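Read-outs: derived from the displayed coordinates by stated rules, not from any lab. Every value quoted in this text rests on a predicted model; they were computed, and no experiment measured them. Positions of Cβ are backbone-derived with ideal geometry, glycine not excepted, and every protein chain shown enters the neighbour counts.
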Amino acid sequence: MDPSIAPASRAAVVTPNDSAIVGARALYIGTAGDVAIAPRRDMDPVIFRNVPAGTILPVHAAIVALRAG
């Protein structure tokens with residue numbers, strides 16, 4: 001199966017950081033609020049506002065930014 005569409009085979013806690021590379025294909029949001037992700041290192045973060053706790057964001061995230069705006 002193409003690894004870009006295969007089900008997840010591992011999970012990890014992600015701590016927001018403006019420079020650490022995450023490389024996630026999806027994010028589980030455990031606490032409600034704004035989430036800022038950069039799809040690639042060379043891109044500005046995209047902010048998802050008011051994300052409810054328990055949401056799975058199906059996004060490629062190179063970086064989960066520290067500040068969401």
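Overview of values
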read-out: The chain, dipole about Cα centre (Lys/Arg Cβ +1, Asp/Glu Cβ -1), debye to the nearest 20; value: 80 debye
read-out: Kirkwood-based shape ratio for the chain, expressed as Rg/Rh from alpha carbons; value: 0.95
